[in-house]
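Reviewing the structure listed below.
The values are calculated or read from the model by the stated rules, or taken from the named source; none is laboratory data. Everything quoted here is computed from the prediction, not taken from an experiment. All Cβ positions, glycine included, derive from the backbone under ideal geometry; neighbour counts span all protein chains shown.
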Amino acid sequence: MKKLLKTLYEVSGSYSNKITRMLIFDVFKGLSEGVSLVAILFCLSKICENIFADQSVLMKDVYTVFIIAAISLLGKITFGYLADKNKYIASYSLGAENRLYIGDRLKNVNMGYFSTNSLGNIAGALSTVVGELETVGVFIIEQMLVGTIQTLIMVIFMLPYDFVTAVIILLTLIVGIVVNLLTQKSTDQLTERLLGLKLDLSEKMLEYVKGIGITKAFGKDQNTVKELNESITESRKGFLDVEKILVPTQFLFLIVFKLGICLIIISSIIRYFSGNIEATKAIILIVMSFVVFSGFELAGSMQSIKGVAVQNLNTVISLRNLPVIKEGEMKEVDKAEISIKNISFSYDKENLFNNLSMIVPEGKTTALVGFSGSGKTTLCNLMARFWDVDSGEVIVGDTNIKNYKYDELLSNFSFVFQDVYLFDDTIRNNIKFGNPKATDEEMINIAKKAQCHDFIMKLPQGYDTVLQEGGSNLSGGERQRISIARAMLKPSKFVILDEATSSVDPENEKQLLIALKNLLKGKTVIIIAHKLSTVKNADQIIVLKDGVIEQIGSHIELISRKGIYRDFIEIRKQSEEWKI
Ligand SMILES: Nc1ncnc2c1ncn2[C@@H]1O[C@H](COP(=O)(O)OP(=O)(O)OP(=O)(O)O)[C@@H](O)[C@H]1O
């Protein structure tokens, strides 16, 4: 419980005071519950005493006990309400706060993290794990605390009332705790496995849904379906295995208390018949035996799922502590130039770049061309610090990018990625994502230039049309034009266009290229393109092959020289597979 509380406080952020309040109210709720039970037993004892003594029940005693019971019941309800109020605010708010915190942290995590950790796992952790934390985590602590306090009150009452029963209760509690501790290790291991299975299942589900189109196209017996089926079978088997161990351990734990109850009843009957205790006491002890362990039984049953809560909390803590990239203090980019000096970089063992150097001059357009896999996208990612170089320097303006504040550095870059992603939001908000302060007029003006205004106006709600996740209710070309408008609306010094017009039809592309030319005027542009039309007007063309710069120059210079660029152009005419 101490460990659970400690980790819960670690993730509770600004809502830790609500948890403290909940715990305080729960202590009073537990006390009230214990006292009300004792008061009812005491009342019963007085009534029995008077009946057995053939006397009329003393109303003064009954009233006193009734008032105590009423006050404690009222306390139980009031403190229960206050504890619940704080519990719900704390649990749902800390869930939301953690999702926001982790989401923000993920933004500053090196992209390598996303290569080694699947999207499904991260999504599963943020939804399932944080969700369980909201519903189960705080609840477990509450039940354990209230149950334990209630039982302690009963024990304290029992000690002076009947020593033998007090000893039986204490021994039962000790055996119960020992059984719990002995089974704890195996249940903890199981809950760890349970979490792994849940995350694996959510990863496979996500992969399956995302690839549903491919699955349809290639038939049902493809790998994703097979993997999903295996994961479902594996998780079903795993969940059953967990239950197979959890149920008997729970049963063993409950048996201990049932045996404790039997012992109290047997000892009371034996002692009554041997004349050691009176009938009243025997009755009270027998009645009390049925309720004395109830709080502790509940607390103990929480112990087995406590492992789940601890696992969930640890997962949240590890996500909260994800190593983010180290950032510097620089805010302003003084010069819109990028200078790459002797960089080496590898995704895994083999280096993609070895001592590569180049300059992206201010206010000019630099085109990166080369075969697929030659490193064009990677080079752009290194310029915006999506990844860190292994050695060498990427200098933006006059400063190494590692010395900039990360958000400030990124605010200077606009991107149009190969794989366009649009948010599940209106078209207006998707375009304004690049510059939320832009007016509608500015936004529409850019949309017109990006050749998307006309098709947007044909949609039933125009700019207020809500896009489906990823923009799946638009064509590839429409998505790309919206992403161009989004990038153009962002006031940035650098624009990176990664095959930005690849999905646009020739008619739109012509107008788009004219618009891009105007919009990109004065900006430093890095363009990855496979179309000659996009590349030939660049001020500088850098030809990459297997991570090595083979040629640098303008289109006129490169086409007039024998070499890889001229070959590209030739081959391009023959084959659509080349990327130039
Ligand atoms: N996240 C990653 N993890 C591991 N390897 C990667 C990753 N991204 C790219 N690579 C590898 O790095 C090399 C360069 O990839 P990159 O995407 O930079 O090439 P590219 O020239 O942009 O290719 P394309 O024109 O096909 O987009 C390729 O061999 C690719 O497989």
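The residue list 307, 295, 328 contains one member that is under 32 Å from the mean Cα position of the chain (by Cα) and part of a helix (DSSP H, G or I), which is 307.
For every residue, the table says whether it meets (1) closer than 25 Å to residue 489 by Cβ; (2) part of a strand (DSSP E or B); (3) touching a helix residue (DSSP H, G or I) at 6+ places or on another chain (Cβ under 6 Å); (4) more than 16 Å from the ligand (Cβ to nearest atom).
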site	(1), (2), (3), (4)
332	yes, no, no, yes
335	yes, no, no, yes
348	no, no, no, no
356	no, yes, no, no
363	yes, no, no, yes
367	yes, yes, yes, no
373	no, no, no, no
392	no, yes, no, yes
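Listed by first and then second residue, the pairs linking a residue in region 135-149 that is touching a residue at least 12 places away in the same chain (Cβ under 8 Å) to a residue that is of a type in the set (Val, Ile, Thr) and surrounded by fewer than 22 Cβ atoms within 10 Å (Cβ to Cβ), with Cβ atoms under 7 Å apart and 6 or more places separating them unless they lie on different chains, are 136/305; 140/305; 145/27; 149/27.
Tell me whether region 383-395 contains one or more residues that are of a type in the set (S, T, N, Q), at pLDDT below 90 and in the same structural domain as residue 554 (by TED's automatic domain parsing). No, there is no match, as no residue in region 383-395 is of a type in the set (S, T, N, Q), at pLDDT below 90 and in the same structural domain as residue 554 (by TED's automatic domain parsing).
Here is a yes/no grid of residues against (1) touching an Asp or Glu at 6+ places or on another chain (Cβ under 8 Å); (2) exposed (fewer than 14 other Cβ atoms within 10 Å of the Cβ); (3) outside any helix (DSSP H, G or I):
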position	(1), (2), (3)
3	no, yes, no
7	no, no, no
20	no, no, no
36	no, no, no
40	no, no, no
67	no, yes, no
73	no, no, no
94	yes, no, no
99	no, no, no
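Cβ-Cβ distances below 6 Å connect the following pairs, each with a first residue in region 366-393 that is farther than 17 Å from residue 564 by Cα and touching a residue at least 60 places away in the same chain (Cβ under 8 Å), a second residue that is part of a helix (DSSP H, G or I) and within 8 Å of the ligand (Cβ to nearest atom), and a separation of six or more residues or different chains: 387/381. For residue 340, are the conditions met, namely being among the hydrophobic types (A, V, I, L, M, F, W, C) and at pLDDT 90 or above? Yes, satisfied. Taken over region 317-361, the criterion of being over 30 Å from residue 522 (Cβ atoms) and polar (S, T, N, Q) is satisfied by 318, 321, 344, 346, 351, 354, 355. Within region 394-418, the set of residues being out of contact with any helix residue (DSSP H, G or I) (no Cβ under 9 Å at 6 or more places or on another chain) and more than 13 Å from residue 333 (Cβ to Cβ) comprises just one member, 402. For region 236-250, state whether one or more residues are among the small types (Gly, Ala, Ser) and more than 21 Å from residue 184 (Cα to Cα). Checked region 236-250: no residue is among the small types (Gly, Ala, Ser) and more than 21 Å from residue 184 (Cα to Cα).
A quick yes/no check of all residues on (1) at pLDDT 80 or above; (2) at positive phi; (3) more than 38 Å from the chain's Cα centre (by Cα); (4) not assigned by TED's automatic domain parsing to the domain that holds residue 352:
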| residue | (1), (2), (3), (4) |
| --- | --- |
| 476 | no, no, no, yes |
| 484 | yes, no, no, yes |
| 498 | yes, no, no, no |
| 551 | yes, no, yes, no |
